[in-house]
Each structure stands twice: as structure tokens, then as C-alpha cells.
């Protein structure tokens, strides 16, 4: 069964790529960010990619299609963002409802952060997820949503994501979400780089000499074959020891956290700081000790290393006016391998709804995490 998709808020295309990889036909991708649009146009020249504010789009601007993808901005909901109920981006779901009313796709797939489930709309005092579900139910859709830890779905990070499906047809009684797999270690995506730092890859220009006010690059002589140690350079007051292992998934990769490598005589320790005289002190009354890393040399992750953790293919090239633009595109993306599993779930759902066949056993779900409306 050949199904098509249209992407709203496509960004660098993680959700779109996942659906493409499962055989869905691309109809349209849109985003407001010009660098994201350039990235998509360069990597998928056959796709129709439009730079647009979703608030300016009309139903007539969208092709007829089976699936409407909408990973609308998460900053208003995310703990890594401002987490304000009144953030205007929190209300962009209404534009998705509006366009669904005009186009009536068979399914709408919304992806966002876990906290979408717990954030309340400040005027009504109701949870945003209830309001979103109510908007689609008023159009005659049936709704399910659930939470996923993506390390169980082919992604080497413990990031948790919220998936919301609205279906024009009723869900089958045996509907099931993608089946969790074993945890995906970071080694699956970074071991070759750690073993061969000189590897040639697109968007990969490793530069030693990480500039930091808190971490120390000693310059002490090392054996060039000394192992590269993955570490977190930011959020030094929380999130545990910044030295990580490739044998397990990393914590969430996002636009705010800086990851990198340390090599040679690597030490991480917690130290007290002079909060009265140090720069960039957020809470001068806090007594928490902050993590400090010391090593012969330090470097931040390259764009390709971040993209690997988001499971983008190595031939997918990112464009931006500066490193920050690219970091935002990658960090805000839906991990491609996770999106691929959601696309497979929609395929199985379509088959079940069309033929009455049971959903695939590969999509056994999490009944304890499932919510129905």
C-alpha cells in the first residue's frame, strides 16, 4: 500500500526522512527557517520544499495526501526551553487542526517533547494534550498518544518523545505502538570515529582546543593512540558525571547541551566555585559543586557527530550561516530511526484499517503509557 505524506514544521527533515525510508511518497515539506529549507532542498532536490509560516498556509497550498506530519516547535513545553504555558508557539497546534479540517488527511502524526503531556494552558487550566485531542475529535478523528524512550527504537540517546496520532477511521482493537528493542549504545554511531579520529566525513571538521571558562585543556603530552573519552561540557551542575561511555546511550541530545571528546589524562571532579566573583553565575546563593573536566586536549563534537546521534545518514549535508544554525537544525530534529519506526506503525495501522488484518506483532505496545480519547 503506497501512502503519501506532507510535512509541516519539517526542520532538517528527521520525521520526513523516517517516513521516506519506509516507502511513503513525499508530497510536500514546509518550514519557516530558511536554512532548514536549504538543507532539505539540497539533500532532496526532487522534493517540493516550501519556506512558509504555517499560519500563512491555506488548505489549497497543501497537496492531497494520506499523512500530515506536524512536529511543531517544542520550546514552550520543553524543560530545555522556557516552559511557558503562554508561549505563542504552544498554540501552533491550532494551525494543524485548521489545516486538517481543510484537507482531511487519513492520519495526523504529531511529535513533541514529553512535557507536552503535563503542561497546562494558562487560561483554561486544562492540559494542552487534552485541548489538542479535543480539536481533532471535533473534526471526527480518533486519537491515541504515547511516550517513547528513543534508545529502545534505534537511537543512541535516552531522549523521551511524545507521539500523537489522529486517525479518520477507528483504531483496531489490537492497535499497538512500535515494539521496544534493546537499548542502542552510542558506540553504534561513534565507535568508528573514536577509533579513527582522522576519518573523512561530510560536516566533520574536528578541531582540538575547546575554549572554556571552566574546563581545562592542559596541553600535557600524550600518546596519540590514547582513547577518546566522550563527555558533556555544559550543564556542569547537574545530570551526573560528565564523563560518558560509548557502551550505553547518551542522555538527550538537544540544542542547549554541548558534547565533546577529551583525550589524555582525563579527570572529572566536582569543585566549589567563587560565586561572588565568577562570571555567568545563575544562582549566587546555590552551594552546589560544579563538574570540571581536565585533559591534555578537548574538542566539541562536530556537526556530523551530533547528526550521527540523531541517526541522520552520513550523506545528508547540513547548511547554516554558522555552527549554531546547524546545531539547532540537528538538535531540534526527530531522530530518523525513531521516525522510521513510527512510519512503520502507520503502515501497519493502514493495513489493519483497510483489510481488517491484525496489526503486526512487531508493534506490541506500552499499554501503561497509552492514552485514549
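The values are calculated or read from the model by the stated rules, or taken from the named source; none is laboratory data. Since the model is a prediction, treat every value here as computed from it, not as a measurement. We place every Cβ from the backbone using ideal geometry, glycine too, and count neighbours over all the protein chains shown.
Within region 326-339, the set of residues being under 10 Å from the mean Cα position of the chain (by Cα) and surrounded by fewer than 24 Cβ atoms within 10 Å (Cβ to Cβ) comprises 331, 332. For region 25-38, residues that are under 30 Å from residue 348 (Cβ atoms), touching a residue at least 24 places away in the same chain (Cβ under 8 Å) and either out of contact with any helix residue (DSSP H, G or I) (no Cβ under 6 Å at 6 or more places or on another chain) or surrounded by fewer than 18 Cβ atoms within 10 Å (Cβ to Cβ) (or both) total 3. Going residue by residue through region 103-119, is there one that turns out to be over 25 Å from residue 345 (Cα atoms), surrounded by 17 or more Cβ atoms within 10 Å (Cβ to Cβ) and without any contact (Cβ under 8 Å) to a residue 60 or more places away in the chain? Scanning region 103-119, I find at least one residue that is over 25 Å from residue 345 (Cα atoms), surrounded by 17 or more Cβ atoms within 10 Å (Cβ to Cβ) and without any contact (Cβ under 8 Å) to a residue 60 or more places away in the chain, so the answer is yes.
Conditions (1) on the phi > 0 side of the Ramachandran plot; (2) surrounded by 13 or more Cβ atoms within 10 Å (Cβ to Cβ); (3) in contact with a strand residue (DSSP E or B) (Cβ under 8 Å, 6 or more places away or on another chain), marked per residue:
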{"site": "219", "(1), (2), (3)": "yes, no, yes"}
{"site": "223", "(1), (2), (3)": "no, no, no"}
{"site": "240", "(1), (2), (3)": "yes, no, no"}
{"site": "250", "(1), (2), (3)": "no, yes, yes"}
{"site": "255", "(1), (2), (3)": "no, yes, no"}
{"site": "258", "(1), (2), (3)": "no, yes, yes"}
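Annotation: residue 323 fulfils all but one of (1) loosely packed, with under 15 Cβ neighbours inside 10 Å; (2) farther than 24 Å from residue 199 by Cβ; (3) at pLDDT below 95; the unmet one is (2). Entry remark, region 314-341: residues being free of Cβ contacts under 8 Å to residues at least 24 places away in the same chain and in a loop (DSSP other than H, G, I, E, B) number 1 in total.
Within this structure, residue 362 passes the test of being farther than 30 Å from residue 213 by Cβ and modelled with pLDDT under 95. For the criterion of being closer than 30 Å to residue 348 by Cα and buried (at least 16 other Cβ atoms within 10 Å of the Cβ), residue 147 passes. The numbered conditions (1) surrounded by fewer than 16 Cβ atoms within 10 Å (Cβ to Cβ); (2) in contact with a strand residue (DSSP E or B) (Cβ under 9 Å, 6 or more places away or on another chain); (3) part of a loop (DSSP other than H, G, I, E, B); (4) modelled with pLDDT under 95 are all true for residue 274 except (2). If you check residue 206 against the conditions, is it farther than 14 Å from residue 296 by Cβ, under 22 Å from the mean Cα position of the chain (by Cα) and in contact (Cβ under 8 Å) with a residue 12 or more places away in the chain? No, not satisfied.
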